[in-house]
């Protein structure tokens, strides 16, 4: 069975500082990996996804993530935090193929950005 | 293009009552998914429709939950009778195809069972 672990339910950074949100996955087959963001009273919005190919994936709003198979990780980074980045972030995986629609999510990480 | 919409945004009911949640996917999206987040924990998959057919309902917790998608357009998720542990946020998502296509999520319905 797949599982996704997000390390740290709350992360706080100063405006302009590096954002690093950690995600580790377990899967018996190479997974598809996703990062979503949820702003208050809104649905989840896809930030970026990894399916195949280049392991460094660039997403919207300056975020990027690197798929590291040897570490079973897919950490999300942004060089310089902005106040508007404050939100809850979810890492998710799916197995692809016939089960591609069934995503497994982590518990979420709430990012706070201090002025 | 309108996004995924869900109704109601909030619902508060008594234990034992029935509640029906509705999801309208993005037009043209054959794939529709239901997820649930309970007590701030992880978002869990409930089921997946392809058009009007249930592709995967392995995440449905028990037979008190009934999902339908008549005509392959909007979907409803009925909980009957509701129990306290059903409280949470129910998300709906849709996608054009399910292989690698992005799932677009609605804002969710917050269900509180008292």
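How high is the relative contact order of chain A, in percent, with contacts defined as C-alpha pairs under 8 Å that are six or more residues apart?
Values: 290 pairs, mean separation 42.7, N = 115.
Result for chain A is 37 percent.
Over chain B, what is the relative contact order in percent, taking alpha-carbon pairs closer than 8 angstrom and at least six residues apart?
37 percent
Stretched out straight at 0.36 nm per residue, the stretch from residue A:51 to residue A:84 would grow longer than its current Cα-Cα span by 9.1 nm.
Ranked by how many other Cβ atoms sit within 10 Å of their own Cβ, fewest first, the residues B:29, B:48 fall in the order B:29, B:48. The mean count of C-beta atoms from other chains within 10 Å of the C-beta of residues in B:103-114, rounded to a whole number, is 3. At q = 0.10, 0.12, 0.17, 0.22 Å⁻¹ the log10 of I(q)/I(0) for chain A amounts to -0.27, -0.38, -0.77, -1.25, computed by Debye summation with a single uniform scatterer per C-alpha, solvent ignored. Computed from Cα atoms alone, the Kirkwood hydrodynamic radius reported for chain B is 13.9 Å.
Within 10 Å of the Cβ of each residue in B:44-52, the mean number of Cβ atoms contributed by other protein chains is 2.
For peptide B:69-81, the mean count of partner chain Cβ atoms within 10 Å of a residue's Cβ comes to 0. Using a cutoff of 8 angstrom between alpha carbon atoms and counting only pairs six or more residues apart, the relative contact order for the stretch B:59-114 works out to 29 percent.
Just so you know, all these numbers are worked out from the coordinates, no wet-lab data involved. This is a predicted model, so every value here is computed, not measured. Reconstructed Cβ throughout: ideal geometry from the backbone, glycine too, with neighbour counts over all protein chains shown.
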